[in-house]
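Okay, structure first, notes after.
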Amino acid sequence: MRKALFYKEWTKTRWFLLATLACGVLINIYMLLKIGRSFRFAGHEHLWDVIVNRNQFLFSLQQYYPAISGLIVAGAQMIPEINNKRLKLSLHLPLKESKIITNMITTILGVLIIALGLNLGFLILGASLYFPTQIIQSTIITLLPWYIGGILAYLLVVFCCFEPLWKRRVINILISIALLNIYYLSNFPGAYSKNIFVMIIIPLISLLFVYLSVFRFKSGVQPK
Amino acid sequence: MSNVIECKNLTHYYGERCIYENLNFTVQKGRVTGLLGKNGKGKNTTINIMNGYLQPKSGNCFLLGEPSHNLSPETKQRIGLLIEGHVQYSFFDIEQIEKFYSAFYPKWKKEPYYELMSKLKIAPKQKISKMSCGQRSQVALGLILAQDPELLILDDFSMGLDPGYRMLFVDYLREYVKAENKSVFITSHIIQDLEHLVDDCLILDYGKVLLHKPTSDLLTKFKRYRFKAPKNFKIQNEQFYNTELIKGMIETYSFLNKKEVLNYIKDLYPEIETIDEYKLTLEEAFIGLTGKY
(Lines give C-alpha, C1' and ligand atoms only; values in the text may rest on other atoms or scores of the structure.)
Protein backbone atom coordinates (compact mmCIF):
# COMPACT_ATOMS: atom_id res chain seq x y z
CA MET A 1 0.00 0.00 0.00
CA ARG A 2 2.84 2.34 0.86
CA LYS A 3 4.38 1.64 -2.54
CA ALA A 4 1.05 2.40 -4.22
CA LEU A 5 0.73 5.70 -2.35
CA PHE A 6 4.24 6.65 -3.43
CA TYR A 7 3.34 5.69 -6.99
CA LYS A 8 0.36 8.08 -6.93
CA GLU A 9 2.32 11.01 -5.53
CA TRP A 10 5.26 10.36 -7.81
CA THR A 11 3.03 10.19 -10.91
CA LYS A 12 1.64 13.64 -10.07
CA THR A 13 4.89 15.36 -9.26
CA ARG A 14 7.74 13.61 -11.08
CA TRP A 15 8.05 16.03 -14.04
CA PHE A 16 7.83 19.05 -11.76
CA LEU A 17 10.46 17.60 -9.42
CA LEU A 18 12.78 16.80 -12.29
CA ALA A 19 12.21 20.23 -13.85
CA THR A 20 13.03 22.06 -10.60
CA LEU A 21 16.10 19.88 -10.11
CA ALA A 22 17.27 20.64 -13.66
CA CYS A 23 16.68 24.37 -13.17
CA GLY A 24 18.70 24.28 -9.94
CA VAL A 25 21.59 22.54 -11.68
CA LEU A 26 21.50 25.08 -14.53
CA ILE A 27 21.49 28.01 -12.08
CA ASN A 28 24.46 26.47 -10.26
CA ILE A 29 26.40 25.90 -13.46
CA TYR A 30 25.73 29.49 -14.51
CA MET A 31 26.88 30.89 -11.14
CA LEU A 32 30.02 28.75 -11.03
CA LEU A 33 30.95 29.67 -14.59
CA LYS A 34 30.40 33.33 -13.75
CA ILE A 35 32.65 33.09 -10.68
CA GLY A 36 35.33 31.28 -12.70
CA ARG A 37 35.15 34.05 -15.28
CA SER A 38 35.47 36.72 -12.57
CA PHE A 39 38.55 34.95 -11.20
CA ARG A 40 40.11 35.01 -14.60
CA PHE A 41 39.23 38.55 -15.63
CA ALA A 42 38.97 40.52 -12.37
CA GLY A 43 41.56 38.57 -10.41
CA HIS A 44 41.65 36.81 -7.04
CA GLU A 45 42.33 40.00 -5.07
CA HIS A 46 39.26 41.73 -6.41
CA LEU A 47 36.97 38.78 -5.62
CA TRP A 48 38.48 38.46 -2.15
CA ASP A 49 37.78 42.16 -1.59
CA VAL A 50 34.15 41.72 -2.74
CA ILE A 51 33.55 38.76 -0.44
CA VAL A 52 35.48 39.71 2.69
CA ASN A 53 35.51 43.51 2.77
CA ARG A 54 32.28 44.37 0.99
CA ASN A 55 30.33 41.36 2.39
CA GLN A 56 28.75 40.49 -0.92
CA PHE A 57 27.27 37.05 -1.34
CA LEU A 58 28.17 35.53 -4.70
CA PHE A 59 25.34 32.96 -4.79
CA SER A 60 22.37 35.30 -4.38
CA LEU A 61 20.87 33.97 -7.59
CA GLN A 62 20.02 30.86 -5.56
CA GLN A 63 17.99 32.82 -3.01
CA TYR A 64 14.46 32.15 -4.21
CA TYR A 65 15.13 28.88 -6.01
CA PRO A 66 14.32 26.56 -3.05
CA ALA A 67 11.09 28.43 -2.23
CA ILE A 68 9.94 28.40 -5.86
CA SER A 69 10.75 24.68 -6.04
CA GLY A 70 8.72 24.01 -2.88
CA LEU A 71 5.77 26.00 -4.22
CA ILE A 72 5.81 24.25 -7.61
CA VAL A 73 6.14 20.73 -6.23
CA ALA A 74 3.48 21.29 -3.57
CA GLY A 75 1.16 22.79 -6.19
CA ALA A 76 1.70 19.81 -8.51
CA GLN A 77 0.87 17.46 -5.67
CA MET A 78 -2.00 19.31 -4.03
CA ILE A 79 -3.94 20.96 -6.85
CA PRO A 80 -5.16 17.60 -8.27
CA GLU A 81 -6.20 16.60 -4.74
CA ILE A 82 -8.30 19.67 -3.99
CA ASN A 83 -9.67 19.96 -7.52
CA ASN A 84 -13.15 18.35 -7.43
CA LYS A 85 -12.41 17.41 -3.81
CA ARG A 86 -10.38 14.42 -4.98
CA LEU A 87 -8.96 14.32 -1.47
CA LYS A 88 -12.14 12.44 -0.56
CA LEU A 89 -10.91 9.57 -2.71
CA SER A 90 -7.56 9.58 -0.98
CA LEU A 91 -9.09 9.65 2.49
CA HIS A 92 -11.38 6.75 1.58
CA LEU A 93 -8.41 4.49 0.83
CA PRO A 94 -8.41 1.62 3.32
CA LEU A 95 -5.78 3.00 5.66
CA LYS A 96 -5.98 5.27 8.69
CA GLU A 97 -6.48 8.84 7.51
CA SER A 98 -3.52 10.14 9.51
CA LYS A 99 -1.36 7.49 7.85
CA ILE A 100 -2.57 8.45 4.38
CA ILE A 101 -1.82 12.14 4.92
CA THR A 102 1.52 11.49 6.60
CA ASN A 103 2.48 9.23 3.74
CA MET A 104 1.43 11.78 1.12
CA ILE A 105 3.42 14.55 2.76
CA THR A 106 6.53 12.66 3.79
CA THR A 107 6.86 10.98 0.40
CA ILE A 108 7.09 14.17 -1.60
CA LEU A 109 8.76 16.15 1.14
CA GLY A 110 11.44 13.46 1.22
CA VAL A 111 11.96 13.63 -2.54
CA LEU A 112 12.01 17.43 -2.40
CA ILE A 113 14.62 17.39 0.38
CA ILE A 114 16.73 14.99 -1.70
CA ALA A 115 16.39 17.25 -4.79
CA LEU A 116 17.27 20.40 -2.81
CA GLY A 117 20.08 18.54 -1.03
CA LEU A 118 21.57 17.40 -4.33
CA ASN A 119 21.37 20.91 -5.62
CA LEU A 120 23.02 22.37 -2.53
CA GLY A 121 25.67 19.64 -2.59
CA PHE A 122 26.45 20.36 -6.21
CA LEU A 123 26.82 24.07 -5.48
CA ILE A 124 29.05 23.51 -2.46
CA LEU A 125 31.19 21.04 -4.39
CA GLY A 126 31.60 23.54 -7.22
CA ALA A 127 32.29 26.42 -4.86
CA SER A 128 34.92 24.42 -2.99
CA LEU A 129 36.98 24.37 -6.18
CA TYR A 130 37.39 28.13 -5.87
CA PHE A 131 37.12 29.04 -2.19
CA PRO A 132 38.70 28.07 1.14
CA THR A 133 36.77 26.17 3.86
CA GLN A 134 35.88 29.30 5.86
CA ILE A 135 34.08 30.86 2.90
CA ILE A 136 32.37 27.55 2.10
CA GLN A 137 31.13 27.35 5.71
CA SER A 138 29.82 30.91 5.51
CA THR A 139 28.15 30.06 2.16
CA ILE A 140 26.37 27.04 3.71
CA ILE A 141 25.21 29.14 6.68
CA THR A 142 23.85 31.77 4.27
CA LEU A 143 22.18 29.28 1.94
CA LEU A 144 20.69 27.00 4.61
CA PRO A 145 17.77 29.27 5.68
CA TRP A 146 16.77 29.66 2.02
CA TYR A 147 16.75 25.90 1.57
CA ILE A 148 14.77 25.39 4.79
CA GLY A 149 12.47 28.07 3.36
CA GLY A 150 11.90 25.75 0.38
CA ILE A 151 10.71 23.01 2.72
CA LEU A 152 8.54 25.51 4.58
CA ALA A 153 7.07 26.75 1.27
CA TYR A 154 6.06 23.17 0.46
CA LEU A 155 4.38 22.65 3.84
CA LEU A 156 2.58 25.98 3.74
CA VAL A 157 1.11 25.29 0.30
CA VAL A 158 -0.16 21.95 1.61
CA PHE A 159 -1.58 23.75 4.65
CA CYS A 160 -3.41 26.26 2.43
CA CYS A 161 -4.64 23.67 -0.07
CA PHE A 162 -6.18 21.30 2.49
CA GLU A 163 -8.14 24.13 4.12
CA PRO A 164 -11.78 23.66 3.04
CA LEU A 165 -13.00 27.28 3.36
CA TRP A 166 -11.85 29.94 0.88
CA LYS A 167 -12.12 32.74 3.44
CA ARG A 168 -9.91 30.87 5.86
CA ARG A 169 -7.63 29.84 2.98
CA VAL A 170 -6.95 33.50 2.17
CA ILE A 171 -6.00 34.08 5.82
CA ASN A 172 -3.75 31.02 5.67
CA ILE A 173 -2.10 32.35 2.50
CA LEU A 174 -1.36 35.67 4.22
CA ILE A 175 0.08 33.91 7.27
CA SER A 176 2.17 31.74 4.95
CA ILE A 177 3.54 34.72 3.01
CA ALA A 178 4.48 36.41 6.28
CA LEU A 179 6.21 33.28 7.60
CA LEU A 180 8.03 32.60 4.36
CA ASN A 181 9.13 36.21 4.11
CA ILE A 182 11.15 35.77 7.32
CA TYR A 183 13.49 33.43 5.43
CA TYR A 184 14.21 35.89 2.63
CA LEU A 185 14.70 39.20 4.43
CA SER A 186 18.41 39.45 3.70
CA ASN A 187 21.11 38.05 1.43
CA PHE A 188 23.88 39.41 3.64
CA PRO A 189 26.39 36.58 4.25
CA GLY A 190 25.56 34.72 7.46
CA ALA A 191 22.57 36.97 8.15
CA TYR A 192 20.66 34.14 9.83
CA SER A 193 23.62 32.41 11.45
CA LYS A 194 22.33 33.09 14.97
CA ASN A 195 18.73 32.04 14.17
CA ILE A 196 19.20 28.74 12.37
CA PHE A 197 17.47 26.89 15.21
CA VAL A 198 14.36 29.07 14.89
CA MET A 199 14.45 28.61 11.11
CA ILE A 200 14.31 24.83 11.62
CA ILE A 201 11.57 24.98 14.28
CA ILE A 202 9.12 26.94 12.08
CA PRO A 203 8.68 24.17 9.43
CA LEU A 204 8.29 21.59 12.19
CA ILE A 205 5.49 23.63 13.76
CA SER A 206 3.87 24.24 10.37
CA LEU A 207 3.51 20.46 10.00
CA LEU A 208 0.86 20.74 12.73
CA PHE A 209 -0.94 23.37 10.63
CA VAL A 210 -1.22 20.81 7.82
CA TYR A 211 -2.99 18.33 10.08
CA LEU A 212 -5.28 21.08 11.35
CA SER A 213 -6.39 21.79 7.76
CA VAL A 214 -6.96 18.08 7.10
CA PHE A 215 -8.98 17.79 10.29
CA ARG A 216 -11.14 20.74 9.17
CA PHE A 217 -11.61 19.17 5.72
CA LYS A 218 -12.60 15.84 7.27
CA SER A 219 -15.08 17.51 9.63
CA GLY A 220 -16.74 19.12 6.63
CA VAL A 221 -16.33 22.65 7.94
CA GLN A 222 -18.85 24.85 6.10
CA PRO A 223 -19.34 28.62 5.83
CA LYS A 224 -21.53 29.97 8.66
CA MET B 1 -32.15 -9.01 7.71
CA SER B 2 -29.24 -6.86 8.98
CA ASN B 3 -28.81 -3.18 8.29
CA VAL B 4 -25.84 -1.93 6.28
CA ILE B 5 -26.67 1.74 6.91
CA GLU B 6 -28.25 3.14 10.04
CA CYS B 7 -28.88 6.83 10.55
CA LYS B 8 -30.13 7.73 13.99
CA ASN B 9 -31.53 11.12 14.94
CA LEU B 10 -29.41 12.99 12.41
CA THR B 11 -29.69 16.74 12.79
CA HIS B 12 -27.80 19.23 10.70
CA TYR B 13 -27.76 22.97 10.20
CA TYR B 14 -25.80 25.19 7.82
CA GLY B 15 -25.50 28.32 9.93
CA GLU B 16 -29.10 29.09 10.90
CA ARG B 17 -30.63 27.00 8.13
CA CYS B 18 -31.99 23.68 9.32
CA ILE B 19 -31.46 20.87 6.81
CA TYR B 20 -33.15 18.26 8.93
CA GLU B 21 -33.84 17.35 12.51
CA ASN B 22 -33.90 13.84 13.97
CA LEU B 23 -33.68 12.07 10.67
CA ASN B 24 -33.90 8.30 11.03
CA PHE B 25 -33.60 5.60 8.41
CA THR B 26 -31.99 2.26 7.80
CA VAL B 27 -30.88 0.43 4.66
CA GLN B 28 -31.09 -3.32 4.68
CA LYS B 29 -28.47 -5.68 3.38
CA GLY B 30 -28.95 -6.74 -0.23
CA ARG B 31 -31.27 -3.84 -1.07
CA VAL B 32 -30.76 -1.04 -3.58
CA THR B 33 -31.99 2.17 -1.98
CA GLY B 34 -32.43 5.41 -3.86
CA LEU B 35 -32.22 8.68 -1.97
CA LEU B 36 -34.50 11.19 -3.66
CA GLY B 37 -35.14 14.79 -2.86
CA LYS B 38 -35.26 18.15 -4.50
CA ASN B 39 -32.28 20.47 -4.50
CA GLY B 40 -31.38 21.73 -1.04
CA LYS B 41 -33.40 19.11 0.81
CA GLY B 42 -30.38 17.36 2.30
CA LYS B 43 -29.30 14.70 -0.17
CA ASN B 44 -25.73 15.95 -0.38
CA THR B 45 -25.62 16.54 3.35
CA THR B 46 -26.70 12.95 3.97
CA ILE B 47 -24.18 11.57 1.51
CA ASN B 48 -21.40 13.69 3.02
CA ILE B 49 -22.28 12.53 6.53
CA MET B 50 -22.39 8.96 5.29
CA ASN B 51 -19.01 9.27 3.60
CA GLY B 52 -17.57 10.73 6.79
CA TYR B 53 -16.81 14.15 5.29
CA LEU B 54 -19.31 16.04 7.40
CA GLN B 55 -19.96 15.86 11.11
CA PRO B 56 -23.67 16.22 11.83
CA LYS B 57 -24.67 18.65 14.56
CA SER B 58 -26.09 15.66 16.40
CA GLY B 59 -27.03 12.08 15.76
CA ASN B 60 -25.11 9.16 14.36
CA CYS B 61 -24.65 7.39 11.09
CA PHE B 62 -23.32 3.85 10.97
CA LEU B 63 -22.00 2.04 7.91
CA LEU B 64 -21.61 -1.71 8.29
CA GLY B 65 -21.89 -1.17 12.03
CA GLU B 66 -19.17 1.48 12.37
CA PRO B 67 -19.56 5.26 12.80
CA SER B 68 -19.25 6.76 9.33
CA HIS B 69 -16.80 9.49 10.38
CA ASN B 70 -14.40 6.98 11.84
CA LEU B 71 -14.35 3.89 9.66
CA SER B 72 -11.64 1.33 10.16
CA PRO B 73 -9.48 0.45 7.13
CA GLU B 74 -11.11 -3.01 7.03
CA THR B 75 -14.58 -1.47 6.76
CA LYS B 76 -13.42 1.03 4.14
CA GLN B 77 -12.32 -1.95 2.04
CA ARG B 78 -15.94 -3.17 2.11
CA ILE B 79 -17.41 0.14 0.91
CA GLY B 80 -17.25 1.35 -2.68
CA LEU B 81 -17.58 5.07 -3.13
CA LEU B 82 -18.58 6.99 -6.24
CA ILE B 83 -18.09 10.71 -5.77
CA GLU B 84 -20.42 13.16 -7.52
CA GLY B 85 -19.17 13.80 -11.06
CA HIS B 86 -17.36 10.42 -11.25
CA VAL B 87 -14.26 12.02 -9.84
CA GLN B 88 -11.17 9.85 -10.14
CA TYR B 89 -7.43 10.42 -10.27
CA SER B 90 -7.31 11.96 -13.73
CA PHE B 91 -3.50 12.07 -13.87
CA PHE B 92 -3.47 8.27 -14.18
CA ASP B 93 -4.17 6.26 -17.30
CA ILE B 94 -6.44 3.21 -17.41
CA GLU B 95 -3.75 0.71 -16.44
CA GLN B 96 -2.06 2.91 -13.87
CA ILE B 97 -5.25 3.54 -11.91
CA GLU B 98 -6.12 -0.16 -11.86
CA LYS B 99 -2.62 -0.99 -10.66
CA PHE B 100 -2.85 1.72 -7.99
CA TYR B 101 -6.16 0.61 -6.48
CA SER B 102 -5.41 -3.11 -6.68
CA ALA B 103 -2.79 -2.66 -3.94
CA PHE B 104 -5.45 -1.65 -1.43
CA TYR B 105 -8.16 -4.28 -1.89
CA PRO B 106 -7.54 -7.95 -1.19
CA LYS B 107 -10.64 -9.05 -3.12
CA TRP B 108 -9.64 -7.01 -6.19
CA LYS B 109 -10.96 -8.44 -9.48
CA LYS B 110 -9.53 -6.70 -12.48
CA GLU B 111 -11.58 -8.67 -15.04
CA PRO B 112 -14.87 -6.68 -14.76
CA TYR B 113 -12.89 -3.44 -15.01
CA TYR B 114 -11.02 -4.41 -18.18
CA GLU B 115 -14.16 -5.99 -19.61
CA LEU B 116 -15.94 -2.66 -19.27
CA MET B 117 -12.98 -0.77 -20.72
CA SER B 118 -12.77 -3.05 -23.75
CA LYS B 119 -16.53 -2.73 -24.27
CA LEU B 120 -16.04 1.02 -24.48
CA LYS B 121 -12.93 0.58 -26.66
CA ILE B 122 -10.80 2.58 -24.25
CA ALA B 123 -7.09 2.01 -24.83
CA PRO B 124 -5.11 0.90 -21.73
CA LYS B 125 -2.76 3.87 -22.02
CA GLN B 126 -5.51 6.44 -22.34
CA LYS B 127 -5.30 9.15 -19.70
CA ILE B 128 -8.43 9.71 -17.63
CA SER B 129 -8.05 13.49 -17.94
CA LYS B 130 -8.48 13.17 -21.71
CA MET B 131 -11.70 11.15 -21.53
CA SER B 132 -15.26 12.30 -21.94
CA CYS B 133 -17.50 12.51 -18.88
CA GLY B 134 -19.30 9.34 -20.02
CA GLN B 135 -16.06 7.38 -20.34
CA ARG B 136 -14.90 8.62 -16.95
CA SER B 137 -18.14 7.39 -15.40
CA GLN B 138 -17.43 3.91 -16.72
CA VAL B 139 -13.89 4.01 -15.36
CA ALA B 140 -15.25 4.95 -11.94
CA LEU B 141 -17.88 2.21 -12.12
CA GLY B 142 -15.35 -0.36 -13.36
CA LEU B 143 -13.06 0.42 -10.42
CA ILE B 144 -15.89 -0.04 -7.94
CA LEU B 145 -16.83 -3.37 -9.54
CA ALA B 146 -13.20 -4.49 -9.35
CA GLN B 147 -13.08 -3.53 -5.68
CA ASP B 148 -15.99 -5.91 -5.10
CA PRO B 149 -17.38 -4.06 -2.08
CA GLU B 150 -20.36 -5.17 0.01
CA LEU B 151 -21.86 -1.70 0.11
CA LEU B 152 -21.81 0.78 -2.76
CA ILE B 153 -22.50 4.47 -2.12
CA LEU B 154 -23.06 6.21 -5.44
CA ASP B 155 -23.52 9.96 -5.36
CA ASP B 156 -25.40 11.44 -8.33
CA PHE B 157 -24.11 8.93 -10.86
CA SER B 158 -26.11 10.51 -13.70
CA MET B 159 -24.41 13.91 -13.43
CA GLY B 160 -23.12 15.03 -16.84
CA LEU B 161 -23.99 11.78 -18.61
CA ASP B 162 -25.91 11.48 -21.86
CA PRO B 163 -28.84 8.99 -21.99
CA GLY B 164 -26.70 6.23 -23.54
CA TYR B 165 -24.07 6.31 -20.81
CA ARG B 166 -26.72 6.62 -18.10
CA MET B 167 -28.44 3.50 -19.40
CA LEU B 168 -25.13 1.67 -19.71
CA PHE B 169 -24.29 2.57 -16.13
CA VAL B 170 -27.67 1.45 -14.81
CA ASP B 171 -27.71 -1.80 -16.83
CA TYR B 172 -24.22 -2.76 -15.75
CA LEU B 173 -24.86 -1.87 -12.13
CA ARG B 174 -28.21 -3.68 -11.98
CA GLU B 175 -26.74 -6.87 -13.39
CA TYR B 176 -23.82 -6.74 -10.98
CA VAL B 177 -25.86 -5.93 -7.89
CA LYS B 178 -28.39 -8.69 -8.48
CA ALA B 179 -25.77 -11.30 -9.34
CA GLU B 180 -23.58 -10.53 -6.34
CA ASN B 181 -26.28 -9.60 -3.78
CA LYS B 182 -24.74 -6.21 -3.03
CA SER B 183 -26.23 -3.35 -1.04
CA VAL B 184 -26.40 0.01 -2.80
CA PHE B 185 -27.23 3.51 -1.66
CA ILE B 186 -27.65 5.77 -4.65
CA THR B 187 -28.70 9.32 -5.49
CA SER B 188 -29.50 10.83 -8.86
CA HIS B 189 -31.05 13.98 -10.21
CA ILE B 190 -32.61 11.95 -12.98
CA ILE B 191 -35.17 9.92 -11.11
CA GLN B 192 -36.35 8.03 -14.17
CA ASP B 193 -33.00 6.22 -14.28
CA LEU B 194 -33.63 4.77 -10.86
CA GLU B 195 -37.04 3.28 -11.67
CA HIS B 196 -35.68 -0.06 -12.81
CA LEU B 197 -32.77 -0.09 -10.42
CA VAL B 198 -33.83 0.74 -6.88
CA ASP B 199 -35.71 -1.64 -4.59
CA ASP B 200 -36.56 1.06 -2.06
CA CYS B 201 -37.15 4.78 -2.32
CA LEU B 202 -36.17 7.15 0.45
CA ILE B 203 -37.60 10.61 -0.17
CA LEU B 204 -36.49 13.62 1.86
CA ASP B 205 -38.62 16.72 2.11
CA TYR B 206 -39.31 19.45 4.66
CA GLY B 207 -36.41 18.29 6.83
CA LYS B 208 -37.71 14.76 7.32
CA VAL B 209 -38.14 11.41 5.63
CA LEU B 210 -41.28 11.94 3.59
CA LEU B 211 -41.41 8.35 2.46
CA HIS B 212 -39.37 5.16 2.71
CA LYS B 213 -41.06 2.38 0.78
CA PRO B 214 -40.35 -0.33 -1.77
CA THR B 215 -40.34 1.16 -5.26
CA SER B 216 -42.87 -1.43 -6.36
CA ASP B 217 -45.35 -0.10 -3.75
CA LEU B 218 -44.85 3.41 -5.01
CA LEU B 219 -45.33 2.41 -8.63
CA THR B 220 -48.38 0.20 -8.09
CA LYS B 221 -50.20 1.93 -5.23
CA PHE B 222 -49.47 5.61 -5.62
CA LYS B 223 -51.75 7.13 -8.28
CA ARG B 224 -52.79 10.43 -9.75
CA TYR B 225 -56.51 11.21 -9.73
CA ARG B 226 -58.33 13.84 -11.78
CA PHE B 227 -61.89 14.98 -11.59
CA LYS B 228 -64.00 18.01 -12.45
CA ALA B 229 -63.56 20.69 -9.83
CA PRO B 230 -66.66 21.28 -7.70
CA LYS B 231 -67.42 24.76 -6.38
CA ASN B 232 -65.37 25.87 -3.36
CA PHE B 233 -63.35 22.69 -3.44
CA LYS B 234 -61.14 22.18 -0.44
CA ILE B 235 -59.54 19.00 0.75
CA GLN B 236 -57.74 18.51 4.05
CA ASN B 237 -56.59 14.97 4.38
CA GLU B 238 -53.04 13.71 4.83
CA GLN B 239 -53.73 10.87 2.45
CA PHE B 240 -53.88 13.28 -0.48
CA TYR B 241 -50.72 14.90 -1.78
CA ASN B 242 -50.26 18.12 -3.73
CA THR B 243 -53.85 18.73 -4.68
CA GLU B 244 -54.09 21.38 -7.39
CA LEU B 245 -56.73 23.07 -9.52
CA ILE B 246 -55.65 22.97 -13.18
CA LYS B 247 -57.96 24.39 -15.86
CA GLY B 248 -61.17 23.48 -14.04
CA MET B 249 -59.94 20.05 -13.05
CA ILE B 250 -58.69 18.88 -9.65
CA GLU B 251 -55.52 16.88 -9.70
CA THR B 252 -54.39 15.01 -6.62
CA TYR B 253 -52.16 12.09 -5.66
CA SER B 254 -52.82 9.32 -3.17
CA PHE B 255 -51.98 5.80 -2.04
CA LEU B 256 -55.73 5.16 -1.70
CA ASN B 257 -57.31 3.13 -4.47
CA LYS B 258 -59.79 4.56 -6.93
CA LYS B 259 -62.85 3.34 -5.02
CA GLU B 260 -61.62 4.79 -1.72
CA VAL B 261 -60.82 8.13 -3.34
CA LEU B 262 -64.18 8.31 -5.08
CA ASN B 263 -66.06 7.47 -1.87
CA TYR B 264 -64.15 10.11 0.05
CA ILE B 265 -64.73 12.80 -2.58
CA LYS B 266 -68.38 11.86 -3.00
CA ASP B 267 -68.97 12.22 0.73
CA LEU B 268 -67.74 15.80 0.50
CA TYR B 269 -69.07 16.67 -2.94
CA PRO B 270 -71.95 14.41 -3.97
CA GLU B 271 -72.06 15.97 -7.46
CA ILE B 272 -68.76 14.24 -8.32
CA GLU B 273 -69.62 10.96 -9.96
CA THR B 274 -66.46 9.85 -11.68
CA ILE B 275 -62.76 10.26 -11.27
CA ASP B 276 -59.92 9.32 -13.59
CA GLU B 277 -57.01 7.29 -12.32
CA TYR B 278 -53.47 7.46 -13.79
CA LYS B 279 -50.58 5.10 -13.27
CA LEU B 280 -47.33 6.92 -12.53
CA THR B 281 -43.70 6.61 -13.41
CA LEU B 282 -41.23 7.01 -10.54
CA GLU B 283 -40.54 10.58 -11.59
CA GLU B 284 -44.24 11.46 -11.66
CA ALA B 285 -44.74 9.77 -8.29
CA PHE B 286 -41.85 11.82 -6.89
CA ILE B 287 -43.43 15.04 -8.19
CA GLY B 288 -46.77 13.89 -6.82
CA LEU B 289 -45.27 13.47 -3.38
CA THR B 290 -43.05 16.52 -3.22
CA GLY B 291 -44.84 18.97 -5.53
CA LYS B 292 -43.59 20.80 -8.56
CA TYR B 293 -42.28 23.83 -6.70
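The values are calculated or read from the model by the stated rules, or taken from the named source; none is laboratory data. Quantities reported herein were computed from a predicted structural model and do not represent experimental measurements. Cβ: placed from backbone, ideal geometry, glycine included. Neighbour counts: every protein chain shown. These accessible areas exclude ligands, DNA and RNA; they are computed on the full protein's heavy atoms, side chains included. Shrake-Rupley method; radii C 1.70, N 1.55, O 1.52, S 1.80 Å.
Things to note:
- Estimated at the nearest 10 Å², the accessible area of B:Y13 is 70 Å² with a 1.4 Å probe.
- For the peptides A:89-102, B:147-160, the ranking by packing is B:147-160, A:89-102, with the highest mean count of neighbouring Cβ atoms within 10 Å listed first.
- Radius ratio Rg over Rh of chain B, counting only Cα atoms, Kirkwood formula for Rh: 1.05
- Calculated mean residue ellipticity, 222 nm, chain A: -26500 deg cm²/dmol, from DSSP H runs (n ≥ 4) at -39500 (n - 2.57) each, averaged per residue and rounded to 500.
- With all protein chains modelled, accessible area of A:R169 [1.4 Å, Å²]: 30 Å²
- Rg [Å, one decimal], Dmax [Å, integer] - the protein assembly as shown, C-alpha atoms: 31.1, 117
- Sequence-distant residues sharing a close amide H with B:R31 (under 5 Å, placed H): B:V184
- Test item: A:89-101 mean partner chain Cβ contacts at 10 Å: 5
- HN-Hα J in Hz across the stretch A:49-63 - Karplus 6.51, -1.76, 1.60, θ = phi - 60°, x for Gly and Pro: 4, 4, 6, 7, 7, 9, 6, 8, 9, 7, 10, 4, 4, 7, 3
- Contact order for the stretch A:2-218, expressed relative to its length and based on alpha carbon pairs under 8 Å spaced 6+ residues apart, stands at 29 percent.
- Against chain A, whose longest principal axis comes from its Cα atoms, helix A:97-127 is set at around 10 degrees.
- Computed over the alpha carbons of chain A, Rg followed by Dmax gives 19.8, 66 Å.
- Å² per residue, accessible surface of the stretch B:222-290 at 1.4 Å: 61 Å²
- Apportionment of accessible area to carbon and sulfur, chain A, percent (1.4 Å): 70 percent
- Pairing chain A with chain B buries about 2800 Å² of accessible area. This figure sums both sides and uses a 1.4 Å probe.
- Flagged links, alpha-carbon separation over 29 Å, of B:K43/B:K76; B:K29/B:K110; B:K109/B:K208: B:K109/B:K208
- Among the GluC sites (Glu not before Pro) found in the stretch B:26-97, not one is both in a DSSP coil and sparsely packed, with 11 or fewer other Cβ atoms within 10 Å of its Cβ.
- Listed by number, the DSSP H helices of chain B that run 15 Å or longer by alpha-carbon position along their axis and have mean Kyte hydropathy of at least -0.5 are B:133-147, B:163-180.
- Segments B:114-122, A:206-214, A:41-49, B:32-40 sorted - mean Cβ within 10 Å per residue, highest first: B:32-40, A:206-214, B:114-122, A:41-49
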